[in-house]
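The values are calculated or read from the model by the stated rules, or taken from the named source; none is laboratory data. The structure displayed is predicted, hence computed values, not measured ones. As a convention, Cβ positions derive from the backbone with ideal geometry for all residues, glycine included, and neighbour counts pool all protein chains shown. What goes into the accessible areas is simple: the full protein's heavy atoms, side chains included, and nothing from ligands, DNA or RNA. Shrake-Rupley method; radii C 1.70, N 1.55, O 1.52, S 1.80 Å.
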Amino acid sequence: MPVAIITGASKGLGEALARALAARGWDLVLDARDPVPLAEAAGLVSAHGTRVTALPGDVTDAAHRAELVAAAWRLGGVDLLVHNASALGAEPLVRLEELPLQGLRRALEVNLVAALGLVQEALPLLRSAAAGAVLVVSSDAAAEAYPTWGGYGASKAALDQLAAVLAVEEPGLRVWAVDPGDMATDLYAAAVPDDDGPRPEPADVAPAFLRLLDERPASGRYGAPALLEERR
Ligand SMILES: NC(=O)c1ccc[n+]([C@@H]2O[C@H](COP(=O)([O-])OP(=O)(O)OC[C@H]3O[C@@H](n4cnc5c(N)ncnc54)[C@H](OP(=O)(O)O)[C@@H]3O)[C@@H](O)[C@H]2O)c1
């Protein structure tokens with residue numbers, strides 16, 4: 001069975017992806033900082049009958065990243081690495097003039113530095129997989145200048161560029177940066193608490209990611225809404 005590591009998998013998009021991959025027979029290594037919701041999510045995901053290893057921890061912790069990859073190795077390797085865990089830098093979001101520099105540093109550590117740390121840790125296993133892939137979860141805030149999304153958006157823009165260069169350096173892998181579009185999750189509610197307009201559920205966005213795995217298009221940046229639209 002193929003093996004995926006998914007960071008930030010106790011809720012939201014990470015959990016939805018875990019469920020979708022487990023339903024297709026993937027073995028999984030999942031993380032999140034809070035062990036209780038992570039264990040609950042892992043219990044639901046493992047109902048599909050595949051092997052699920054849930055490791056509580058923070059992606060900014062190098063020892064935890066090494067544990068994630070070691071756990072995947074025990075399941076057989078790393079076919080897919082999904083860096084989905086994310087920090088906003090300020091909750092709710094604020095204009096740049098008010099953004100605490102410590103918040104920006106945190107967003108960069110979680111969204112960018114940890115992604116590279118995980119990639120470095122997993123690269124030997126990804127390279128030896130039959131069809132290794134890295135998927136980083138981006139945002140339209142990486143490409144559009146929305147007021148208050150500057151720190152988070154800068155970290156995601158840097159993540160996009162990291163993925164683009166990794167794709168060139170590792171032509172044997174697929175490296176996709178995916179903007180999932182707005183979703184009804186705790187992250188969005190924390191970012192903009194007053195905006196309770198309707199948005200897609202993460203489970204409705206997960207099929208866009210499955211499409212990438214099915215069709216394995218060239219490495220690059222993709223938007224989930226377009227992937228879903230073209231599939232209809
Ligand atoms: N929701 C949107 O509208 C939207 C739009 C564009 C892009 N995105 C991106 O989509 C991805 C998923 O976001 P979401 O909306 O699904 O968020 P979410 O529902 O808040 O879930 C975030 C997950 O990441 C975990 N996490 C956060 N920080 C972590 C850390 N340092 N180490 C390990 N796990 C960590 C959380 O658990 P713990 O808190 O227990 O650690 C949780 O499992 C993110 O990359 C986000 O930037 C979201």
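Screening Gly25 on (1) within 13 Å of the ligand (Cβ to nearest atom); (2) on the phi > 0 side of the Ramachandran plot shows it passes everything except condition (1). When Asp186 is tested against (1) in contact (Cβ under 8 Å) with a residue 24 or more places away in the chain; (2) open to solvent by less than 60 Å² (accessible area, probe 1.4 Å); (3) within 13 Å of the ligand (Cβ to nearest atom), exactly one condition is not met: (2). Of the residues Arg199, Arg221, the single one that is at pLDDT 95 or above, outside any helix (DSSP H, G or I), under 27 Å from Thr148 (Cβ atoms) and open to solvent by less than 60 Å² (accessible area, probe 1.4 Å) is Arg199.
For Leu13, the conditions (1) near the ligand (Cβ under 8 Å from one of its atoms); (2) part of a loop (DSSP other than H, G, I, E, B); (3) among the hydrophobic types (A, V, I, L, M, F, W, C) are fulfilled apart from (2). Here the stretch 29-57 is the region considered, the condition is being of a type in the set (D, E, K, R) and open to solvent by 40 Å² or more (accessible area, probe 1.4 Å), and the residue that is farthest from Leu13 (Cα to Cα) is Arg51.
Among the residues making up the stretch 21-57, those that are assigned to a loop (DSSP other than H, G, I, E, B) and free of Cβ contacts under 8 Å to residues at least 60 places away in the same chain are Gly25, Trp26, Arg33, Asp34, Ala47, His48, Gly49, Thr50, Arg51, Gly57.
Here's the yes/no breakdown for (1) more than 17 Å from the chain's Cα centre (by Cα); (2) at positive phi; (3) surrounded by fewer than 19 Cβ atoms within 10 Å (Cβ to Cβ):
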residue: Ala122; (1), (2), (3): no, no, no
residue: Arg127; (1), (2), (3): yes, no, yes
residue: Ser138; (1), (2), (3): no, no, no
residue: Gly181; (1), (2), (3): no, yes, yes
residue: Asp194; (1), (2), (3): yes, no, yes
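Please find, within the stretch 96-120, the residue that is surrounded by the most Cβ atoms within 10 Å (Cβ to Cβ) out of those that are within 15 Å of the ligand (Cβ to nearest atom) and charged (D, E, K, R). For the stretch 96-120, the residue satisfying everything is Arg106.
Screening Thr60 against (1) near the ligand (Cβ under 10 Å from one of its atoms); (2) assigned to a loop (DSSP other than H, G, I, E, B); (3) β-branched (Val, Ile, Thr); (4) crowded, with 24+ Cβ neighbours inside 10 Å leaves a single unmet condition, (4).
In this entry, Gly8 passes the filter for residues that are in contact with a Gly (Cβ under 7 Å, 6 or more places away or on another chain), open to solvent by less than 40 Å² (accessible area, probe 1.4 Å) and under 21 Å from Leu213 (Cα atoms). Please indicate, with yes or no, whether at least one residue in the stretch 159-175 is open to solvent by less than 50 Å² (accessible area, probe 1.4 Å), within 13 Å of the ligand (Cβ to nearest atom), within 25 Å of Pro100 (Cα to Cα) and within 18 Å of the chain's Cα centre (by Cα). Within the stretch 159-175, one or more residues are open to solvent by less than 50 Å² (accessible area, probe 1.4 Å), within 13 Å of the ligand (Cβ to nearest atom), within 25 Å of Pro100 (Cα to Cα) and within 18 Å of the chain's Cα centre (by Cα).
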